[in-house]
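> Here it is, the structure in full.
Bear in mind that the values in this text are calculations on the coordinates, not laboratory data. This structure is a prediction, so every number in the text was calculated from the model and none was measured. Cβ: placed from backbone, ideal geometry, glycine included. Neighbour counts: every protein chain shown.
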Amino acid sequence: MAKAPDSNPGPVLVLLGGTGDLARRMLLPSLFHLEKDKLLPDGLRLIGVARDGQSADQYRANVRTAIAARETVSDEDWQRFVPRVDYFSGDVTKPEGAKALAEHVGDYSELVIYFSVSPSIFAAACQSLAAAGLITDKTRLVLEKPIGRDLESSKQLNAAVAAVASEEQIFRIDHYLGKETVQNLIALRFANIVFEPLWTSHSIDYVQITVAETEGVGDRSSYYNEYGALRDMLQNHMIQLLCLIAMEPPADLDPDSVRQEKVKVLKALRPMSRATVAQEVVLGQYGAGVVDGKSVEGYLKEVGKPTNTETFIALRLFIDNWRWAGTPFFLRTGKRLPERRTQIVIQFKPLPHSVFSASANQDMVANRLVIDLQPQEDISLLLMNQRPGLTQEGMRLQSMPLSLSLAKAYSGKDGRRRIAYERLLLDVFRGDRTLFVHRNEVEEAWRWVDGVTDAWLEAGLKPKQYAAGSMGPAGVHALIERSGHQWHD
Ligand code: NDP
Ligand code: BG6
């Protein structure tokens, strides 16, 4: 039913794809948490949208079930949240569906339209929602990844959205930027003076970024098979981590200042060529195996057809600028690996000269900064220390961690870890785009990624099998050992 005109309308969140997997697992629970923390804007109405014809009451019951799948939902908290929740059934890519939605929404002070739907319908939905009068200067559009499958398709998608809204109205989500520990990279680098003088190729030997998952592709195999690990994880989440590690200090945290520095890093990524790609990239695809003590099927069986989609990628890249000249960055990510771990390792160079005895020198390990993002949140700086006690050889040394355990600090006052989307949704309501991805970043990242895929196609690179539960295919160690280094496992 259309909402009656209101003399003092409040804000509205239209959640396109309000019955989908992402909405059920992440977005609705995040909104519920924001309600519990009294952080939702006053008077906010939430309208879930999909095409399945269910009633608003059914939808409310389904929303409760979805949130309860993650945590206990008390009646008191639910009663505060539920009056906000509404449902609209219709196809937003069709003019009549969008028009009916506009009538349903009625008046509003601000409108957020969250596209938690397949990117294949972003363009058509934008067109019909704009024609229905839902995209005005009071509207913000939130876009889920993937923004395209390559540079060309991302440009088309960005152009379709730009045709109806300005860049300031567009919030492109990379949920890694909503994780507390990812934001902490900014604090670590720019709220401490000790690292900056060392943060260059003069002192840093190499950098590793690992995003390991135990999960397989599950019921997202038709999406995943079209994308693979490079486009699903590396093009967005890992490249964002890389940018935060490698960018120059921005003048301030204004979204444009940060974006400009990230884009400079992306422009400086050394392109790969057919001649070099086999030395720089290892692709893998999981076969059957054992993960977390359970036998699991191989990727081909799950997908049900022959495919060369990679479920694992490791690569070495270089950033050709003054700060990072000669420092290799090793990135690896994969599904069905033995453990869930997101970790950044900054490996410092060995001492230029040792003042210690031969026996103490045997103990010497170069300093290393290890930033664990998932599942534990922890930052350790490995420093050399005198090993206590007396020996015939004299002074001995050992590497000891100076540790900053973030688990407690970031677990929230109710003892739980925040969902990354809570922060991002709050920032959308506040209109703060610092943690969102600008069109230029997306397109520059695709430009480099397209070069990598072109090179590997020309070179005929195919994924090598690895057993589920192992740390990737043969060749992944050789990739790093060729530079004289090792994976930090
Ligand atoms: P699902 O396929 O689970 O959900 C899609 C939703 O969109 C359903 O609610 C569907 O309902 C609705 N929908 C589809 N077409 C229309 C239409 N024309 N008009 C109105 N509603 C429509 O997708 P996910 O939730 O998995 O993904 C949503 C987005 O989030 C995608 O962009 C995905 O890439 C991204 N994403 C998802 C992640 C995840 O873990 N699931 C992780 C990161 C990003 P109905 O069919 O009834 O209309
Ligand atoms: C999504 C990818 O963007 O990120 C998934 O599409 C992946 O394939 C997920 O599993 C990982 O997110 P997180 O927060 O669990 O590390």
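> Using a Förster distance of 35 angstrom, determine the FRET efficiency expected from the C-beta separation of His477 and Lys94, and round it to 0.05.
E between His477 and Lys94, to the nearest 0.05, is 0.10.
> To the nearest 10 degrees, how steep is helix 180-190 against the longest Cα principal axis of the chain, on a 0 to 90 scale?
The answer is roughly 60 degrees.
> Another question about this same structure. Pull up the cross-link candidates among the lysines for Lys462, meaning alpha carbon to alpha carbon under 22 Å and not fewer than 8 places away within one chain.
List returned: Lys301, Lys305, Lys335.
> Tell me which residues come under 5 Å, amide H to amide H, from Phe171 once H is placed; ignore anything under 5 positions away on its chain.
Those lying under 5 Å, H to H, from Phe171 are Leu141, Val142, Leu143.
> To the nearest 10 degrees, how steep is helix 95-105 against the longest Cα principal axis of the chain, on a 0 to 90 scale?
Tilt of helix 95-105: around 90 degrees.
> As a test of the definition: which semi-axes, in Å, follow for the stretch 1-125 when you take the square root of five times each eigenvalue of its alpha carbon gyration tensor? Largest first, please.
Details: eigenvalues 101, 65, 33 Å².
Semi-axis lengths for the stretch 1-125 are 22, 18, 13 Å.
> According to a simple spin-label model (label point 7 Å from Cα along Cα-to-Cβ), what is the distance in nm between Leu198 and Asp219?
Taking the simple label geometry, Asp219 and Leu198 are separated by 4.8 nm.
> Pop a pseudo-label 7 angstrom from the Cα along the beta-carbon direction at both Ala131 and Gln486 and give the gap in nm to one decimal.
6.3 nm
> Sort Thr200, Thr210 so the one with the fewest other Cβ atoms within 10 Å of its own Cβ comes first. Write down the numbers at each step before the final one.
On the way: Thr200 13, Thr210 23.
Taking fewest neighbouring Cβ atoms as first place, the list is Thr200, Thr210.
> Taking a ≥ b ≥ c as the square roots of the Cα gyration tensor eigenvalues, with a/c under 1.5 meaning rounded and otherwise prolate when a/b beats b/c, else oblate, which class fits the chain? Let's see the in-between values first.
Details: a/c = 1.89, a/b = 1.67, b/c = 1.13.
The shape class here is prolate.
> May I ask for log10 I(q)/I(0) of the stretch 79-199 at q = 0.12 Å⁻¹, from a Debye sum over the Cα atoms as equal point scatterers with solvent left out?
For the stretch 79-199, the Cα-only Debye profile gives -0.58.
> Just to confirm the filter: which trypsin sites (Lys or Arg not before Pro) across the stretch 1-102 are DSSP coil and have at most 14 other Cβ within 10 angstrom of their Cβ? If you can, show how the numbers build up before the last one.
On the way: sites: Lys3, Arg24, Arg25, Lys36, Lys38, Arg45, Arg51, Arg60, Arg64, Arg70, Arg80, Arg84, Lys99; in loops: Lys3, Lys38, Arg51, Arg70.
Within the stretch 1-102, the qualifying trypsin sites (Lys or Arg not before Pro) (loop, at most 14 other Cβ atoms within 10 Å) are Lys38, Arg51.
> Ok, one more. With charges only on Cβ, +1 for K and R and -1 for D and E, what is the dipole size of the stretch 1-106 about its Cα centre, in debye, rounded to 20?
On the way: 14 positive and 15 negative charges, 32 e Å.
With Lys and Arg at +1 and Asp and Glu at -1, about 160 debye.
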